[in-house]
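*Asks:* Let me give you the structure first, and then I'll get to my questions.
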Amino acid sequence: MRERKSARLLVINPDQQVLLFKFVHKDDALAGSEHWATPGGGLEEGETFQAAAIRELREETGIQISSVAEPVAERRFEMLLPSGEWVFSVEQYFVVQVADPTLSRADWTAHELKVMAEHHWWSVEELRCTEQTVWPEALLEMLRPVYGDARP
């Protein structure tokens, strides 16, 4: 099984909400499923996790930054891609605080335009109460470095 490395972003706005995109799959290997997930994606050849985080943030949100801090979390698991390929996924999560929550879809790929239906800035309370599928499952735990022990 191929290993797929990816950088994921915990993008936090001035209201201390985290950005998630809603993925809706209609005609690929994940057809019939939908979920909310953080921005991010796979590393390109020779790219570091940090460089991928900066690139993916720009491509998926239009937000440009020059660096990211060390990752706050890592996940390792088997995953089915929309193409139908099973991979062993290695994800690193990076926190990015943004002053302006305005987003752009200008650099989205054809696949992203097809499956990324909407975005929402989620509060901690919304994340605690939702019955919708949110990835990663341990998102509130990952946000602890951002909010401290008092919030999530």
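Values quoted throughout were computed directly from the atomic coordinates according to the rules given, and no laboratory measurement underlies them. Keep in mind the model is a prediction, meaning the values are calculated, not measured. Ideal geometry is used to build each Cβ from the backbone, glycine not excepted, and the neighbour counts take in all protein chains shown.
*Asks:* Between Trp36 and residues 5 or more places away or on another chain, which pairs have amide H atoms under 5 Å apart, with H built 1.01 Å from N, and which residues are they?
*Replies:* Phe23, Thr133, Val134, Trp135
*Asks:* Among Ala51, Ala110, Ala37, which one moves the most in a GNM of the chain with springs linking Cα atoms closer than 10 Å?
*Replies:* Ala110
*Asks:* A follow-up question, please. When only C-alpha pairs under 8 Å and at least 6 residues apart count, what is the relative contact order of region 74-152, in percent? All intermediate terms of the calculation are to be shown ahead of the outcome.
*Replies:* On the way: 37 pairs, mean separation 13.7, N = 79.
17 percent.
*Asks:* Express in whole angstrom the spacing between the alpha-carbon centres of region 101-152 and region 49-86.
*Replies:* About 13 Å separates the Cα centre of region 101-152 from the one of region 49-86.
*Asks:* Please report the relative contact order for the chain, taking Cα pairs under 8 Å with a sequence separation of at least 6, and give it as a percent rounded to a whole number. Let's see the in-between values first.
*Replies:* Details: 292 pairs, mean separation 49.1, N = 152.
With pairs under 8 Å counted, the relative contact order is 32 percent.
*Asks:* I've got another one for you. Counting other Cβ atoms within 10 Å, keep those with at most 14, restrict to DSSP loop, and tell me which GluC sites (Glu not before Pro) in region 33-139 are left.
*Replies:* Numbers: sites: Glu34, Glu44, Glu45, Glu47, Glu56, Glu59, Glu60, Glu74, Glu78, Glu85, Glu91, Glu112, Glu118, Glu125, Glu126, Glu131, Glu137; in loops: Glu44, Glu45, Glu47, Glu85, Glu131, Glu137.
When the GluC sites (Glu not before Pro) of region 33-139 are filtered for loop state and at most 14 Cβ neighbours within 10 Å, Glu44, Glu45, Glu85, Glu131, Glu137 remain.
*Asks:* No solvent, one uniform scatterer per C-alpha: report log10 I(q)/I(0) for the chain via the Debye equation at q = 0.12, 0.14 1/Å, two decimals.
*Replies:* Evaluating at q = 0.12, 0.14 Å⁻¹ gives log10 I(q)/I(0) of -0.48, -0.68.
*Asks:* Efficiency by 1/(1 + (r/R0)^6): what FRET value for Thr130 and Ala51, r their Cβ-Cβ distance, R0 = 25 Å, to the nearest 0.05?
*Replies:* Details: r = 32 Å, r/R0 = 1.28.
So the FRET efficiency works out to roughly 0.20.
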